[in-house]
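Okay, structure first, notes after.
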Amino acid sequence: MVYLDANASEPLRPEARAAVLAALEAPGNPSSVHAAGRAARHRLETAREAISARFGTGTANLVFTSGATEADALAIHGLGAGRRVIIGATEHDAVRAAAPDADILPVDGDGIADLDALERMLASGPPALVCLMLANNETGTIQPVAAAAAICRRHGARLHVDAAQAAGRLPVDLATLGAASLALSSHKLGGPAGAGALLLDAAAAAALAPLIRGGGQERGRRGGTPPLPAIAGFAAACVAAGDAAALAPLREAAETAARAAGAVVIGAAAPRLANTACLALPGVAAETQLMALDLAGIAVSAGAACSSGKVAASHVLAAMGLGELARCAIRVSLPWNAADADIAAFADAYAAMAARLARHAA
Ligand code: PLP
């Protein structure tokens with residue numbers, strides 16, 4: 001199989017695998033006072049130091065969670081109480097579902113948030129919590145988060161940034177971005193699923209209300225015994241992940257092949273993650289393309305992976321005004337270990353599929 005669905009889950013990095021296995025072998029709960037507990041606490045705090053250093057905050061300002069979905073929910077509930085909530089139109093469902101009554105910040109045809117609209121929205125009304133993702137999971141579009149943070153600061157708003165897709169692929173630093181909080185996910189950067197984190201600046205760390213109280217772990221900000229093997233793997237993956245720039249020529253080759261077969265590259269004019277291509281084949285439903293490519297041994301997806309395994313219409317592509325083309329778009333997302341041969345196999349399979357299906361669609 002050729003795996004080109006990294007934005008759903010990256011393949012496990014060897015460094016992460018080794019760290020998971022080492023942690024699995026060591027008994028102990030970080031809350032216990034005996035030697036095994038202290039060793040577990042050491043492992044937890046070492047992971048916290050590595051991740052907070054990599055992403056630009058202090059160890060006291062990092063809360064481990066089960067993943068980015070929980071980190072987004074913790075930020076929205078824990079920092080948004082009593083505030084008006086504004087979210088980007090292309091945010092992940094992790095954000096949308098946690099803020100069902102939010103006001104929506106529109107995006108342009110390339111998926112970039114309208115910062116003039118943000119300025120206008122913040123000019124009146126109560127203090128806000130704004131959620132703007134750093135990179136989109138379906139198109140790879142990179143948002144002007146630092147500029148949005150400056151606007152938020154001027155209006156006394158907090159900015160929460162979902163960096164689940166950006167971390168490990170772009171330089172990501174909470175302090176440089178100027179955001180109040182940042183959500184991370186282990187399995188999106190080559191660690192195991194089951195761990196993530198919410199990183200906070202000092203003011204947000206002081207203000208955060210917990211979602212889960214339990215036994216007071218994570219300084220009372222997230223109750224529950226932390227999953228040490230997953231967290232150790234998460235930290236190892238954060239250290240190992242460079243950025244995705246080296247994948248740009250491979251992504252370019254995949255897009256060139258797809259264009260030659262009749263595809264339109266969505267969001268091509270915007271700054272994008274180097275590993276992500278969103279390809280629409282006019283007249284051919286995304287689901288049909290997925291099945292054809294799957295039969296040819298190529299794993300890609302249609303927009304967001306969803307738990308039912310069914311392909312739903314993409315709110316991201318709809319917000320970009322793509323109309324019918326949105327139903328014909330697939331996402332090709334290159335993993336950290338993608339090779340030339342993977343792209344060659346994809347190009348052959350895509351060309352064969354397009355030739356066959358476009359005939360039927362015509
Ligand atoms: N945010 C974005 C942008 C994502 O792409 C995803 C996963 O697809 C999530 C949040 C949820 O992450 P997790 O699987 O760690 O809960």
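Diffusion of the range 14-240 by Stokes-Einstein, at 25 °C in a medium of 0.890 mPa s and with Rh set to the Kirkwood radius over alpha-carbon pairs, works out to 139 µm²/s. Using the Cβ-Cβ distance between L325 and R120 with R0 = 41 Å, the FRET efficiency computed as 1/(1 + (r/R0)^6) comes to roughly 0.90.
Phi angles across the range 15-21 convert, under the Karplus curve 6.51 cos²θ - 1.76 cosθ + 1.60 with θ = phi - 60°, into 3J(HN,Hα) values of 5, 6, 4, 4, 5, 4, 5 Hz, Gly and Pro given as x. Annotation: the residues T141, T256, T69, sorted from fewest to most other C-beta atoms within 10 Å of their own C-beta, follow the order T256, T69, T141.
Which of C152, C328, C278 has the fewest other C-beta atoms within 10 Å, and how do the rest follow up to the most?
C328, C152, C278
Find me the longest stretch of the chain that has none of the exposed trypsin sites (Lys or Arg not before Pro), where exposed means in a DSSP loop (not H, G, I, E or B) with at most 15 other Cβ atoms within 10 Å.
The answer is 1-212.
Of the residues N29, G168, T57, the one whose Cα sits farthest towards the positive end of the charge dipole of the range 14-240 is N29 (charges of +1 on Lys and Arg Cβ, -1 on Asp and Glu Cβ, taken about the Cα centre).
Rounded to the nearest 20, the Cβ-based charge dipole of the range 14-240 about its Cα centre (Lys and Arg +1, Asp and Glu -1) stands at 840 debye. Over the chain, dividing the summed -39,500 (n - 2.57) contributions of all DSSP H runs of at least 4 residues by the number of residues returns a 222 nm mean residue ellipticity of -12000 deg cm²/dmol. For G56, the residues 5 or more places off, or on other chains, whose built amide H falls under 5 Å of its own are L174. Karplus-based coupling profile of the range 266-280, in residue order and whole Hz: 7, x, 4, 7, 8, x, 9, 4, 6, 9, 10, 10, 10, 10, 9, with θ = phi - 60° in 6.51 cos²θ - 1.76 cosθ + 1.60 and x standing for Gly or Pro.
Residues of the range 243-269 falling in the label zone of A358, defined by backbone nitrogen less than 17 Å from a point 7 Å along Cα to beta-carbon, are 254-266.
For the range 341-346, 3J(HN,Hα) computed residue by residue from phi via the Karplus equation (6.51, -1.76, 1.60; θ = phi - 60°) reads 5, 5, 6, 4, 5, 4 Hz, glycine and proline entered as x.
When DSSP beta bridges are restricted to pairs lying wholly in the range 14-240, around 45% turn out antiparallel.
Annotation: amide H-H contacts under 5 Å for T65 (H modelled 1.01 Å from N, sequence separation of 5 or more, or interchain): G196, A197, L198. Distant-in-sequence amide contacts of A302, defined by a placed amide H-H separation under 5 Å and a gap of 5 or more residues or a different chain, comprise R331. Among V63, V33, V264, the ranking by other beta carbons within 10 Å of each residue's beta carbon, starting with the fewest, stands as V33, V264, V63.
How much length would be gained if the chain were fully extended between D93 and A146, taking 0.36 nm per residue of separation minus their Cα-Cα distance, in nm to one decimal?
16.8 nm
For M121, the shell of other residues with beta-carbons less than 12 Å away shows a net charge of -2, using +1 for Lys and Arg and -1 for Asp and Glu.
Give me the net charge for the shell around A135: Cβ to Cβ below 15 angstrom, other residues only, Lys and Arg +1, Asp and Glu -1.
Spelling it out: positives minus negatives among the neighbours equals -3.
Measuring nothing but how far apart in sequence close Cα pairs (under 8 Å, 6+ apart) lie, relative to its length, the chain scores a relative contact order of 24 percent.
Readers should treat all values here as calculations from the given coordinates under stated rules, not as data from a laboratory. A quick note: this is a predicted structure, and the numbers were derived from the prediction, not measured. Using ideal geometry, Cβ is built from the backbone for each residue, glycine included, and neighbour counts are taken over all protein chains shown.
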